[in-house]
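The values are calculated or read from the model by the stated rules, or taken from the named source; none is laboratory data. Computed from a prediction, not measured in an experiment: that's the story for all the values here. Please note: Cβ atoms are built from the backbone with ideal geometry, for glycine as well, and neighbour counts cover all protein chains shown.
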């Protein structure tokens, strides 16, 4: 009876993992061989681990990653991709986020740009960083709606809070002057403050031509490119072909 009461009280105090560990210990006779401090330590560890896991799950849900299970451990380093292990290893401690540096991933369709961006995002969530994934066109549409409703500043303030903003499929269409200004506002807020990961099929050398207004193009690219770690993924598409999917 006392055990059940203690379990209920722990749960009432929102210590569910600790309560479950206490109940487990109470039903495991061999636990009597451990002293009080050891058993208490095990309960505290269970609660701490549960809260850390819940925090990571919450961060990943908020990140809205296209590939939420992507990880550094599963990166494909086949030679044709021209992706160096050492380059990824140097970025794996996320010191570049503290330095507010960016990552640019370019390459043909199917070479794994989005997946790699999500791997960085998921690993960042694992260490407690706030991440958000957007398709560029959808983000620009969201900003346009917010601008028409007088909420653009609110959206920009929200975006500024993310340690890493992942912008996928940049450059699928040309950017008019309004869209260019939206991006300028976005990157001006993040410059030297927060990090951004950009994936694009087009090489960086032609990004300037995507903007209708060359002055805005200069300002945006100056805030994005010069402090970025750049990867150009190569090789054949990693997506399964129609023939492969039938086999």
If you scan the range 7-23, which residues turn out to be assigned to a helix (DSSP H, G or I) and in contact (Cβ under 8 Å) with a residue 24 or more places away in the chain?
16, 17, 18, 20, 21
Looking at the structure I just gave you, is residue 30 at pLDDT below 85, more than 14 Å from the chain's Cα centre (by Cα) and surrounded by fewer than 16 Cβ atoms within 10 Å (Cβ to Cβ)?
yes
Select from the range 67-81 the residues that are surrounded by 15 or more Cβ atoms within 10 Å (Cβ to Cβ) and out of contact with any helix residue (DSSP H, G or I) (no Cβ under 6 Å at 6 or more places or on another chain) and write down the one among them that is modelled with the lowest pLDDT.
81
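Given the structure, is residue 4 free of Cβ contacts under 8 Å to residues at least 24 places away in the same chain and part of a helix (DSSP H, G or I)?
Details: free of Cβ contacts under 8 Å to residues at least 24 places away in the same chain: yes; part of a helix (DSSP H, G or I): yes.
So residue 4 fits the description; yes.
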With the condition kept exactly as written, say whether any residue in the range 84-96 is surrounded by 12 or more Cβ atoms within 10 Å (Cβ to Cβ) and assigned to a strand (DSSP E or B).
no
Odd one out for residue 236 among (1) surrounded by 14 or more Cβ atoms within 10 Å (Cβ to Cβ); (2) not in a helix (DSSP H, G or I):
(1)
Tell me whether the range 59-72 contains one or more residues that are closer than 30 Å to residue 205 by Cα, in the same structural domain as residue 194 (by TED's automatic domain parsing), without any contact (Cβ under 8 Å) to a residue 24 or more places away in the chain and within 19 Å of the chain's Cα centre (by Cα).
no
Every residue from the range 201-241 that is over 24 Å from the mean Cα position of the chain (by Cα) and either closer than 26 Å to residue 88 by Cβ or not assigned by TED's automatic domain parsing to the domain that holds residue 176 (or both)
205, 206, 235, 236, 240, 241
Give the residue, chosen from 38, 47, 52, that is more than 30 Å from residue 226 (Cβ to Cβ) and either surrounded by 15 or more Cβ atoms within 10 Å (Cβ to Cβ) or in contact with a strand residue (DSSP E or B) (Cβ under 7 Å, 6 or more places away or on another chain) (or both).
47
